[in-house]
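A.B. asks: Got a structure for you, written out below as C-alpha cells; questions coming shortly.
Read-outs throughout are calculated quantities, based only on the coordinates presented, and are distinct from any laboratory measurement. Just so it is clear, the model here is predicted, and its values are computed rather than measured. A quick note on method: Cβ atoms are made from the backbone with ideal geometry, for glycine too, and the neighbour counts reach across all protein chains shown.
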Amino acid sequence: MDIKVSSDFLTGLLFCGLGAVAIIIGSSYPIGTASRMGAGYFPLMISSGLVLLGGILIIRSFLVETAEVGHVDFRPLLMLVVSILLFGLLIESWGFLVAGVLVVVGARVAGRHYAPLETALLAVGLTVFCLLLFVYGLGLHLPATHLW
C-alpha cells in the first residue's frame with residue numbers, strides 16, 4: 001500500500017496522537033458514570049472523539065485522493081505557539097486582561113494581513129467578552145481580575 005503524505009493523513013495522525021496523550025494524562029482522574037460524572041469523564045469523551053475523528057481521517061486518506069502537503073510556513077505556527085505560551089506564563093503575574101490582549105495580538109500578527117487598529121479593537125473586544133463570560137457569567141476567578 002502506498003502511503004501518501006496528505007493533509008488528511010497528517011491531520012489524522014495529529015488528532016490520534018493528541019487524543020491518546022490526553023487519554024493517558026486523564027487516566028488518573030476518576031471517570032464516574034454518565035449520570036454522576038467524575039473529573040475524568042468529559043476529557044475521556046472528548047479525547048476518544050478526537051482519536052475516532054483522527055482514525056476516520058487516516059482511513060479517508062487511503063480511500064480518497066487528497067492534496068499532498070506542500071511547503072509549510074513555520075512563522076505563523078511559531079507565533080501562535082509563542083503567544084499561547086506567553087499567555088500561560090503571564091496570566092498569573094500580569095492578569096487575564098494583559099495576557100488575553102497579548103495572545104490575541106500574537107495570533108493576529110501571525111497572519112499575512114495585519115491591520116494595527118483592527119487588531120487592537122479585536123484584542124480588547126475579545127478579552128472583555130471573555131472576561132465577562134468567565135468571571136461574571138460563569139463565576140470563575142481568573143488571576144489578577146481582583147482589580148475590579
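A.B. asks: Take residue 128 and residue 71, extend 7 Å from each Cα along the Cα→Cβ direction, and tell me the distance between the two endpoints in nm.
C.D. replies: 4.1 nm
A.B. asks: Let me ask something else. Where a ≥ b ≥ c are the square roots of the eigenvalues of the C-alpha gyration tensor, would you call region 74-137 rounded, which needs a/c under 1.5, or, failing that, prolate if a/b is larger than b/c, or oblate?
C.D. replies: oblate
A.B. asks: Quick one: which residues, 5+ away or cross-chain, put their amide H under 5 Å from the amide H of residue 110? H built at 1.01 Å from N.
C.D. replies: none
A.B. asks: Calculate for the chain the 222 nm mean residue ellipticity that helices alone would give, adding -39,500 (n - 2.57) per DSSP H run of length 4 or more and normalising by residue count, nearest 500 deg cm²/dmol.
C.D. replies: Estimated from H runs of four or more residues: -21500 deg cm²/dmol.
A.B. asks: Let me ask something additional. Pick from 48, 28, 83: which residue has the top mean-square fluctuation in a GNM of the chain where Cα pairs under 10 Å get a spring?
C.D. replies: The residue with the greatest mean-square fluctuation here is 28.
A.B. asks: For mean projected area of the Cα convex hull in nm², several values are listed as (1) 9.9; (2) 8.3; (3) 12.7; flag the one computed from this structure.
C.D. replies: Checked against the structure: label (3).
A.B. asks: Could you please rank 59, 31, placing first whichever residue has the fewest other Cβ atoms within 10 Å of its Cβ?
C.D. replies: Ascending Cβ contact count within 10 Å gives the list 59, 31.
A.B. asks: Now, a different point. Only counting other Cβ atoms within 10 Å, I'd like 108, 75, 60 sorted with the fewest neighbours first.
C.D. replies: Sorted ascending by nearby Cβ count, the order is 75, 60, 108.
A.B. asks: Can you work out ³J(HN,Hα) from phi for every residue in region 9-18, in order, using Karplus 6.51 cos²θ - 1.76 cosθ + 1.60 and θ = phi - 60°, giving whole Hz and x for Gly and Pro?
C.D. replies: These are the phi-based 3J(HN,Hα) values: 5, 5, 5, x, 4, 4, 5, 5, x, 5 Hz.
A.B. asks: Please report 102, 78 as a ranked list, fewest other C-beta atoms within 10 angstrom at the top and most at the bottom.
C.D. replies: With the sparsest Cβ surroundings first, the list reads 78, 102.
A.B. asks: I need the shape label for region 1-54. Rule: rounded when a/c is under 1.5, else prolate if a/b > b/c, else oblate, with a, b, c from the alpha carbon gyration tensor.
C.D. replies: prolate
A.B. asks: Explain nothing, just compute: Karplus ³J(HN,Hα) = 6.51 cos²θ - 1.76 cosθ + 1.60, θ = phi - 60°, for every residue of region 80-93 in order, whole Hz, x for Gly and Pro.
C.D. replies: 5, 5, 5, 5, 5, 5, 4, 4, x, 7, 9, 5, 6, 8
A.B. asks: First measure r as the distance between the Cβ atoms of residue 94 and residue 138, then evaluate 1/(1 + (r/R0)^6) with R0 = 25 Å and state the FRET efficiency to the nearest 0.05.
C.D. replies: Result of the calculation: an efficiency of 0.70.
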